[in-house]
1. Let a ≥ b ≥ c be the square roots of the eigenvalues of the Cα gyration tensor of region 114-159; is it rounded (a/c under 1.5), or, if not, prolate (a/b larger than b/c) or oblate?
2. If Lys and Arg each add +1 and Asp and Glu each add -1, what is the summed charge of the other residues whose beta carbon sits under 15 Å from the beta carbon of Gly52?
3. Which distance in nm do the two modelled labels at Trp122 and Arg160 give, with both placed 7 Å along the Cα-to-Cβ direction?
Amino acid sequence: MEHAHAHHEHQHDEHHGQHEHHEHLQGNVSWAMAAKATLHCLTGCAIGEVLGMVIGTALGWGNVATMITAIVLAFFFGYALTLRGILAAGVGLRTAIRVALAADTLSIAVMELIDNGVIAFWPGAMDAHLSEPLFWIVLAISLVAAFVVTTPVNKWMIGRGKGHAVVHQYH
């Protein structure tokens, strides 16, 4: 449920937060802005992650195939959410894709590394089924860990005019 909430919050911010983006590009990045960029990315990652796990588990795939599917989908949805925001600003598709790739690649990579790292090293987590609380508890912990680690990365990148700073020029 909280993914839908985070997603809704982001849409709300897109419409009301247009004034604040410009002064942030000078390197004065608030933690709130970095957290917002991270949350946005995390929403996409979480959707892809869960979907990948669901598909892999449902089809009885092994851990490696399931994890690869989850990571591919996490990147796909992470980029898709960013793309949607950029395209909404009326930017051409080719430019939008370039911006999304530039903005999110490091962010998603760090997130997936932490997220899958927690799941991979948590005893029994990889073998837990979707019906087991362990699966969701470890997923929640791994997403929180990914958020905590990725937010400073995004703050640093936006402060240097990279990452989501690029995206915000189009809002």
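1. Prolate shape, in that a/c is at least 1.5 and a/b is the bigger ratio.
2. Cβ neighbours under 15 Å give a net charge of -3.
3. Label-label distance for Trp122 and Arg160, simple model: 3.1 nm.
The numbers here are math on the coordinates, done by the rules we state, and not lab data. Worth saying up front: this structure is predicted, and the values here are computed from it rather than measured. Reconstructed Cβ throughout: ideal geometry from the backbone, glycine too, with neighbour counts over all protein chains shown.
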